[in-house]
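Asker: Pasting in a structure now, in structure tokens, and then I'll have a few things to ask.
The values are calculated or read from the model by the stated rules, or taken from the named source; none is laboratory data. From a predicted model like this one, the values you see are computed outputs, not experimental measurements. Every residue, glycine among them, receives a Cβ derived from its backbone with ideal geometry; neighbour counts consider all protein chains shown.
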Amino acid sequence: MLVGDTIITSVHVLFDESIPERSADYFRELDEATVKVDPEERRVSDFDWLVNQHHMEDGLLYKTTRVVVRKGLIVGFRSLISGGREMIEDKTPIHIADLQTMTEELSRRLHSKSGLHDGGSSGDSSKVVTAAGPTQPGTEPEQSSGKSMSPRAEPETGKRVRIPRVLTNVASLGEIHSVGADVVQYLGMADAVWLTDVVASYREPETFLESQQCAESKEWRKARALERKALDERDVMDVVPTPTGVKPIKSRYVYKRKHNKDGSIKKYKARLVALGYGQVAGVDVFNTFAPVVKGITVRLLLALSLILSVHVHVSNAFCYADIAGDVYMEPPPDFRLPIGHCFKLRKALYGLRSSPRSWWKHLNKFIKTLHFQPYVLEPCLYYRQYKGVLMILTIYVDDIIIACANLEYVIEVKKQFCSRFDMSDMGELEHFLNVRVTRTAGSIKLDQTVYTQKVLNKHVDFLEPRGKTRKSPLPADAADQLAQLDSDVTLEQQQYLDNFPYRSLIGAVLYLSMNTRADISYAVGCLSRFSSKPTLASCGLLVYLMQYLRGTVSKGITFSGRSFDMHIFTDSDWAGDVLTRRSTTGYVVFAAGGPITWQSKLQTTVSTSSMQAEYQAIYAGMQELVWLRGVMAELGLPFCEPTPFFLDSQSAEDLALNPVYHKRSKHIEIKYHWVREHVDPEGELRTAQLIHVRTGDQSADIYTKALNGPTFVEHRERNLGERRKASTEVAEDNRRKRRR
């Protein structure tokens, strides 16, 4: 708050401080003062990022526990960190401005000490914010010298200060460690209790004001300047008078840190986006569909690159495609337009509902001019035969992967892209969509170590006890636990359920299970069924899963060897879901020693027998196999022989190979009998060859039930490519065991 020419930096009480005595002169001066506030309303959610952050005051380390509104002011509560332990929450509220200033000051000190930050202070990071709004830009609070002063020591400034006093009840607080005398010792301790939680998972600003007030305001300011320059160079929008009757859509900046594959910050990006949620489908926009490459296709491409010794490079090309129709947009806060004016877009911006399709059409047209042709089964996968050499190109929005055995041809294609687009050449593929790619002479590993660690750090407070790990994603009795519905829930338990970030965690682990963590697919499938209404059991098991990830954070998929050797396993767990009695389908397709696609999914109907459940699993796996063989044929690598198809149900195998009528199978839907055309050894298609395996060798077993102990470890090693086993070896082992 600005009182006359004086800034009040704090108006709160601490247990070790006292406020000045009541003074008629003081309150009269306060009543006569004019308080200036920013017209923008501030909410508690704007300061949620302070929760669980640490700060220092008078040599003591504190942790912010919550942010609330009290008597019209946004305040926070905190607890003391003593002896490596967090004390109980102090009941005295602290003005949010003080918490923000002290938190950012500690952040700058730690960044400077650890080399993560240049140590400079942000120009706008010390603004005082109340529930009504922050101070006007350009007004910064005076910094206290830290000396003990009387409120009347400097009457000419009119400044209200606090008087430190000696602690009188130290015994009730436990041992207090003051680290003000030894900063180096404190920084070492902070690395353990704070740096991992804050620096490694430091959240990006959500609003323009946050970007100005955070410790990295200088970097975000530079990022916004680069974005404005790019918009100007591409002639994206014009300043025009706002047409009568038109309500321009709003805009904002999206702030993002770009990371290297080791997690270090590569650059800061501020993207200006239009808030396209205000556009009405069928009125403002029509067709908005835009395809992207499947994760399966990327893994297939990497597996092929290992076998064929192909160079795989990635680039990031960004431009703005032409936009259809008239779109008017309000400027963001750092643009100054005349009153009654707005932007009229000439190019498509991120955020518009039509932008993805406009960009895809624009990029697709350019790629075809380079003599690349899209595949029928994968429209975002392109091929080109150049001087007898196959070149493959795939796109995911504005990320482009190019694969070719001849590096010179790859460089030539990149030059053509650079001449048309503002493109960043990332070189050899190392990082793609939060997936780290590590290539050696004989293998390729895909993992999401950095992403997993960020998720764990973000939700560390819900994953107690800290450091606890598990040996499997779910306990053996997980299905029975999930079947126990909450009945008499106490108030404390209900508050826990309301505050637990269930959907956020499910979304994070779902992304992991779809890309590199096949070993958690079954657990994610079970727990995601409770997203709309989590139970105490599902929350507990989700914590169990996160603790398993904590102990296996570096796990990922490995492709190895010089043989492609594509084969598939399918399995089912009959009536495994206790609540619905439906079965779970599981399948995994291996190539180059690692999995390229997998699935764990609850079947849509109740099966009357294990044979029916297994038969439906064969159908699901066959769909995936037919698509993969089709893509390989379009790549010019068709299969001459049927693909080995492993299953552990003799009855399902007999039903697929022998189309006989039986009273126990006559009710099975017609679509499932489609598999017979593909497994018939004398038929025209001959897509797959069914091979029976023992349950112990059934690699898809991990997708149908909660496994534990050595069995789980063995299947995990196989399903992550850590232990390669050729299809011929699997078939021979089972033939030998059956003869015994």
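Asker: Tell me, please, whether a residue that is in contact with a His (Cβ under 8 Å, 6 or more places away or on another chain) and in contact (Cβ under 8 Å) with a residue 60 or more places away in the chain can be found in region 650-667.
Answerer: no
Asker: Okay, next question. Could you tell me which of the residues 257, 234 is farther than 30 Å from residue 451 by Cβ and either of a type in the set (Ser, Thr, Tyr) or touching a strand residue (DSSP E or B) at 6+ places or on another chain (Cβ under 8 Å) (or both)?
Answerer: On the way: 257 fails: farther than 30 Å from residue 451 by Cβ.
Exactly one residue qualifies, and that residue is 234.
Asker: Quick one: is residue 284 of a type outside the set (Val, Ile, Thr), surrounded by 14 or more Cβ atoms within 10 Å (Cβ to Cβ) and at pLDDT 80 or above? I'd like the intermediate steps shown before the answer.
Answerer: Numbers: of a type outside the set (Val, Ile, Thr): yes; surrounded by 14 or more Cβ atoms within 10 Å (Cβ to Cβ): yes; at pLDDT 80 or above: no.
Considered against the rule, which asks whether it is of a type outside the set (Val, Ile, Thr), surrounded by 14 or more Cβ atoms within 10 Å (Cβ to Cβ) and at pLDDT 80 or above, residue 284 comes out as no.
Asker: A follow-up question, please. Residues of region 441-483 being over 15 Å from the mean Cα position of the chain (by Cα) and not in a loop (DSSP other than H, G, I, E, B), which ones?
Answerer: The first filter runs over region 441-483 and keeps only residues over 15 Å from the mean Cα position of the chain (by Cα), leaving 441-446, 460-483.
Once the filter is applied, which keeps residues that are over 15 Å from the mean Cα position of the chain (by Cα) and not in a loop (DSSP other than H, G, I, E, B), region 441-483 yields 443, 444, 445, 446, 460, 461, 462, 478, 479, 480, 481, 482.
Asker: If you don't mind, another one. Of all residues in region 505-550, which are in contact (Cβ under 8 Å) with a residue 60 or more places away in the chain and either closer than 17 Å to residue 461 by Cα or acidic (Asp, Glu) (or both)?
Answerer: 519, 541, 543, 544, 545, 546, 547, 548, 549, 550
Asker: How many residues are touching a residue at least 40 places away in the same chain (Cβ under 8 Å), more than 17 Å from residue 617 (Cβ to Cβ) and crowded, with 19+ Cβ neighbours inside 10 Å when one looks only at region 712-722?
Answerer: Selection size over region 712-722: 4.
Asker: While we're on this one: Every residue in region 234-249 that is surrounded by 15 or more Cβ atoms within 10 Å (Cβ to Cβ), out of contact with any Gly (no Cβ under 7 Å at 6 or more places or on another chain) and not in a strand (DSSP E or B), please.
Answerer: The answer is 236, 248.
Asker: So, one more: For residue 277, work out the one condition from (1) touching a strand residue (DSSP E or B) at 6+ places or on another chain (Cβ under 9 Å); (2) surrounded by 14 or more Cβ atoms within 10 Å (Cβ to Cβ); (3) not in a strand (DSSP E or B) it doesn't fulfil.
Answerer: With respect to (1) touching a strand residue (DSSP E or B) at 6+ places or on another chain (Cβ under 9 Å); (2) surrounded by 14 or more Cβ atoms within 10 Å (Cβ to Cβ); (3) not in a strand (DSSP E or B), residue 277 is out only on (2).
Asker: Please verify whether region 360-383 includes one or more residues that are touching a helix residue (DSSP H, G or I) at 6+ places or on another chain (Cβ under 7 Å), in a strand (DSSP E or B) and not β-branched (Val, Ile, Thr).
Answerer: Yes - at least one qualifying residue is present in region 360-383.
Asker: Now for a different question. Could you list all residues from region 332-357 that are within 13 Å of residue 321 (Cα to Cα), more than 30 Å from the chain's Cα centre (by Cα) and surrounded by 17 or more Cβ atoms within 10 Å (Cβ to Cβ)?
Answerer: Of everything in region 332-357, just one residue is within 13 Å of residue 321 (Cα to Cα), more than 30 Å from the chain's Cα centre (by Cα) and surrounded by 17 or more Cβ atoms within 10 Å (Cβ to Cβ), namely 345.
Asker: Could you please tell me which pairs satisfy a Cβ distance under 7 Å, a separation of 6+ or placement on different chains, a first residue in region 348-367 that is over 21 Å from residue 230 (Cα atoms) and not assigned by TED's automatic domain parsing to the domain that holds residue 379, and a second residue that is modelled with pLDDT of 85 or more and of a type in the set (Asp, Glu)?
Answerer: none
Asker: Please give the number of the condition residue 486 fails out of (1) under 23 Å from the mean Cα position of the chain (by Cα); (2) more than 26 Å from residue 586 (Cβ to Cβ).
Answerer: Only one criterion in (1) under 23 Å from the mean Cα position of the chain (by Cα); (2) more than 26 Å from residue 586 (Cβ to Cβ) is unmet by residue 486, namely (1).
Asker: Same structure again: Checking the conditions here, which among 291, 338, 332 is under 24 Å from residue 595 (Cβ atoms) and assigned to a loop (DSSP other than H, G, I, E, B)?
Answerer: Details: 338 fails: under 24 Å from residue 595 (Cβ atoms); 332 fails: under 24 Å from residue 595 (Cβ atoms).
Answer to the check: 291.
Asker: Got a sec? Which of 267, 258 is over 18 Å from residue 359 (Cα atoms), in a strand (DSSP E or B), at pLDDT 85 or above and not small (Gly, Ala, Ser)? Working first, answer last.
Answerer: Numbers: 258 fails: at pLDDT 85 or above.
Residue meeting the stated conditions: 267.
Per-residue answers, yes or no, for (1) closer than 20 Å to residue 346 by Cβ; (2) touching a Lys or Arg at 6+ places or on another chain (Cβ under 7 Å):
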site: 229; (1), (2): yes, no
site: 235; (1), (2): yes, yes
site: 238; (1), (2): yes, yes
site: 241; (1), (2): yes, no
site: 245; (1), (2): no, no
site: 249; (1), (2): yes, no
site: 265; (1), (2): no, yes
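Asker: Mind checking which residues of region 403-433 are more than 17 Å from residue 303 (Cα to Cα) and touching a Leu at 6+ places or on another chain (Cβ under 9 Å)? Full working, then the answer.
Answerer: Filtering region 403-433 down to residues more than 17 Å from residue 303 (Cα to Cα) leaves 406-427, 433.
The answer is 413, 416, 417, 421.
Asker: Restricting the search to region 669-680, which residues are in contact with a Pro (Cβ under 9 Å, 6 or more places away or on another chain) and touching a residue at least 24 places away in the same chain (Cβ under 8 Å)?
Answerer: Of everything in region 669-680, those that are in contact with a Pro (Cβ under 9 Å, 6 or more places away or on another chain) and touching a residue at least 24 places away in the same chain (Cβ under 8 Å) turn out to be 678, 679.
The rows are residues; the columns are (1) outside the structural domain of residue 626 (by TED's automatic domain parsing); (2) modelled with pLDDT of 90 or more; (3) farther than 30 Å from residue 445 by Cβ; (4) crowded, with 21+ Cβ neighbours inside 10 Å.
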position	(1), (2), (3), (4)
647	no, yes, no, yes
658	no, no, yes, no
662	no, no, yes, no
673	no, yes, yes, no
686	no, yes, yes, no
694	no, yes, no, no
710	no, yes, no, no
724	no, yes, no, no
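Asker: Tell me, which strands (runs of 3 or more DSSP E) wholly within region 589-703 include 1 or more residues that are more than 39 Å from the chain's Cα centre (by Cα) and on the phi < 0 side of the Ramachandran plot? Working first, answer last.
Answerer: Values: elements: 594-602, 643-647, 688-692.
So the answer is 688-692.
Asker: If you scan region 712-722, which residues turn out to be closer than 26 Å to residue 442 by Cα and either of a type in the set (A, V, I, L, M, F, W, C) or not in a loop (DSSP other than H, G, I, E, B) (or both)? Can you show your working first?
Answerer: At the first step, the residues of region 712-722 found to be closer than 26 Å to residue 442 by Cα are 713-722.
The answer is 713, 714, 715, 716, 717, 718, 719, 720.
Asker: Could I ask something else about it? Part of a helix (DSSP H, G or I), buried (at least 17 other Cβ atoms within 10 Å of the Cβ) and among the aromatic types (Phe, Trp, Tyr): which single residue out of 511, 496 fits that description?
Answerer: Values: 496 fails: buried (at least 17 other Cβ atoms within 10 Å of the Cβ).
Being part of a helix (DSSP H, G or I), buried (at least 17 other Cβ atoms within 10 Å of the Cβ) and among the aromatic types (Phe, Trp, Tyr) holds for just one of 511, 496, which is 511.
Asker: Right, here's the next one. Report yes if some residue within region 600-614 is closer than 25 Å to residue 384 by Cα and touching a residue at least 40 places away in the same chain (Cβ under 8 Å); otherwise report no. Even if it seems obvious, please write down each step before you answer.
Answerer: Narrowing region 600-614 to residues closer than 25 Å to residue 384 by Cα: none.
No, that holds for no residue.
Asker: Scan region 553-566 and tell me whether some residue there is within 24 Å of the chain's Cα centre (by Cα), among the basic types (Lys, Arg) and either at pLDDT 95 or above or assigned to a loop (DSSP other than H, G, I, E, B) (or both).
Answerer: yes
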